[in-house]
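A quick write-up on the structure given underneath.
The values are calculated or read from the model by the stated rules, or taken from the named source; none is laboratory data. Keep in mind that this is a model prediction, so the values were computed, not measured. Every residue, glycine as well, gets a Cβ built from its backbone with ideal geometry; the counts of neighbours run over all protein chains shown. Heads up: the accessible areas ignore ligands, DNA and RNA and are worked out on the full protein's heavy atoms, side chains in. Shrake-Rupley method; radii C 1.70, N 1.55, O 1.52, S 1.80 Å.
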Amino acid sequence: MSRRVCVIGGGSSGLTSIKSCLEEGLEPTCFESSDDIGGLWRFKENPEADRASIYHSVIINTSKEMMCFSDFPIPAHFPNYMHNSLIMDYFRMYAEHFQLTKHIRFQIRVLQVKPRPDFSRSGQWDVETENKKGEKEKHIFDAVMICIGHHCHPNLPLHDFPGIDTFKGQYFHSRDYKTAEEWRGKRVVVIGIGNSGGDIAVELSRVTKQVFLSTRRGAWILNRVGRDGVPIDFQFSRRVLKMVQSVLPFGLVCRLGENKVNQRFNHSLYSLQPKHRLFSQHPTVNDELPNRILSGTVQVKSNIRRIQGSSIEFDDGTVEDNIDLVVFATGYNFSFPFLPSSMLPVSGNKANLYKYMFPPGLERPTLAVIGLVQPLGAIMPISEMQARWATRVFKGTSLLFYQTLDILLRNLWLPSHSLVEYIDYMDQIAYQVGVRPSLLGLLLRDPGVWLCVLLGPCAPYQYRLRGPGQWDGARQAILTTWDRMAGALKTRPLDIPEPKQSSLPLTLTMGAAALALGYYWNIHNHPSLLKALDPTTWQDKIKPYLPGLW
């Protein structure tokens, strides 16, 4: 008999969890409390209680090639940064292609998940659900995957804003914001400079009389559009950056990045300079905010000291009168109300999870949390990789190191909902699954793909090149990543011939990358690997790719 798996939530993490179960021969049943898939990315005019909600204009901050699932590329004609409606279209394509929807039970809420009396032997769970009519049902599952995300419960810290009870205007959390038009001609304060706060401030500033953007610590602002107009996540190789960070001091790496970011606009000049370093906290992605600040339609202010009537005083002593609206872009809290409180306690919006997935102390590793991370990159490929590992653990084909002395030696318990470096974390989990790309093997066998994996954008297809779940289309998808990016931009024919480019820059870059790779391996005590790099063997293999890949 196949093992039955309960998947809680039908968003992006839930969809890829269902697919991973099917790949491993498990039997998934997904409970989705709403009437459709999509989770966070499904726009609704009226927010539902305890559910994520977005505003109408939301566009993703990661380009399509970096956010897609690893064996299902987003169509080439889709824009590189997609509107939420197109993301939903992609999810529907994914669900239809892999026939996932038939495993989802809609409008079913999970009330309780608890280990069975014989859990230490069976690893099974009792799951109680309730449908929209209030009818309850009990189930037995061999494993549980929690895919509810962390945008369910808005954080509205009114106690931190003295006098909010006297405010004469309106206030609400950013999850309740939908469009700007109803605030035309008003004076608005937006609290928080994360991605939502920046987007809402920019959008409101087009119609309001004035927007004030209040921030305690400032932020580093990145833009979607990089050099030559290509997506910013195509501009650098995360693998090379990881190597650089491993050999250079953290402060120096941050300084180099901060200097580059400040070339776009000086953060200190724009009153946005934060105290934290560039790579120590999640940056804000916003192409338009500097323009709105420059035009004066957005004014950056310090934290709010107090509110009195329609006036707001800031920590720097300045006062703004006649404020009509305050938007709290102050983030979210997460919880697991259906679990026993002692099983996975949440304190300070953190929960102890091995590799951000597995709760400690369980006698059987049959419970996994999927997608509860804050990555420097898209969540979709990370959730997919987590699901691939979790299902193999459930099946018994992959082991958890926390059941060994490794946890004592390496202190691998990590707080959830923390900043995660995309490529480092993906490689860690991919190693457990057996799908981490072998750079040395690619260099010797397939130099063209090696160049793309090492020096190109870290598209998730590289995790389908080998091992469990290998996809025959992965190689071609990697080699055509730039073509799909460019294809979405070529919306009219041009008669202008494209300039020929020399292969010399690629030769120099490739040589530098090879040296960096060799040095990286060497300092990590792998001198034997360097002996395999026979120049007479791999140099001839690489030459045919030089003119075509630059």
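With every protein chain present, what is the per residue accessible area of the chain (1.4 Å probe, Å²)?
46
What's the Cα-based Rg to Rh of the stretch 269-400, Rh via Kirkwood?
Ratio of gyration radius to Kirkwood radius: 1.12.
Describe numerically, in nm with one decimal, the distance between label points set 7 Å from Cα along Cα→Cβ at ASN223 and at ARG277.
Those two pseudo-labels are separated by 2.6 nm.
Given 0.36 nm per residue, what is the gain on full extension from ARG121 to ASN352 after removing their alpha carbon distance, in nm?
80.8 nm
What does the highest-first list of 264-270, 362-368, 253-259 look like by mean Cβ count within 10 Å?
362-368, 253-259, 264-270
Based on the alpha-carbon gyration tensor of the stretch 167-234 and its eigenvalue square roots a ≥ b ≥ c, which shape applies: rounded if a/c is under 1.5, prolate if not and a/b is larger than b/c, or oblate?
Because a/c hits 1.5 or more and a/b exceeds b/c, the stretch 167-234 counts as prolate.
Which of the DSSP-defined H helices in the chain satisfy a minimum axial length of 27 Å, computed from C-alpha atoms, and a minimum mean Kyte-Doolittle hydropathy of 0.0?
Long hydrophobic helices here: 504-523.
Can you tell me the order of 94-104, 64-74, 385-395 when each peptide is scored by its average per-residue count of other Cβ atoms within 10 angstrom, highest first?
Result, highest mean first: 385-395, 64-74, 94-104.
Does the stretch 155-331 come out rounded, prolate or oblate by the C-alpha gyration tensor, with a ≥ b ≥ c the root eigenvalues, rounded set by a/c under 1.5 and, if not, prolate when a/b is larger than b/c and oblate if not?
prolate
LEU289: net charge of surrounding residues, Cβ under 15 Å, Lys/Arg +1, Asp/Glu -1, itself excluded?
+1
About its Cα centre, how strong a charge dipole does the chain have in debye, to the nearest 20, once Lys and Arg get +1 and Asp and Glu get -1 at the Cβ?
With Lys and Arg at +1 and Asp and Glu at -1, about 700 debye.
Based on the Cβ-Cβ distance from ILE140 to GLU182, what FRET efficiency comes out when R0 is 60 Å, to the nearest 0.05?
Taking R0 as 60 Å, the efficiency between ILE140 and GLU182 is 0.75.
Express in nm, to one decimal, how much length is gained between LEU269 and ASN131 on full extension, taking 0.36 nm for each residue of separation and deducting their alpha carbon distance.
Extending this stretch completely gives an extra 44.2 nm.
Can you bin the chain into rounded, prolate or oblate? Criterion: square roots of the alpha carbon gyration tensor eigenvalues sorted a ≥ b ≥ c, rounded for a/c under 1.5, prolate for a/b above b/c, oblate for the rest.
oblate
Given a cut-off of 26 Å, name the pairs among LYS102/LYS136; LYS44/LYS64; LYS178/LYS209; LYS64/LYS242; LYS138/LYS395; LYS260/LYS350 whose C-alpha atoms lie farther apart than that in the structure shown.
Among LYS102/LYS136; LYS44/LYS64; LYS178/LYS209; LYS64/LYS242; LYS138/LYS395; LYS260/LYS350, the Cα-Cα distance tops 26 Å for LYS260/LYS350.
Summing +1 for each Lys or Arg and -1 for each Asp or Glu, what net charge is found among the other residues whose Cβ lies under 11 Å from the Cβ of GLY434?
Combined, the nearby Lys, Arg, Asp and Glu give +4.
For the chain, what % of the accessible area comes from carbon and sulfur atoms, probe 1.4 Å?
With neighbouring chains kept in place, the figure for the chain is 52 percent.
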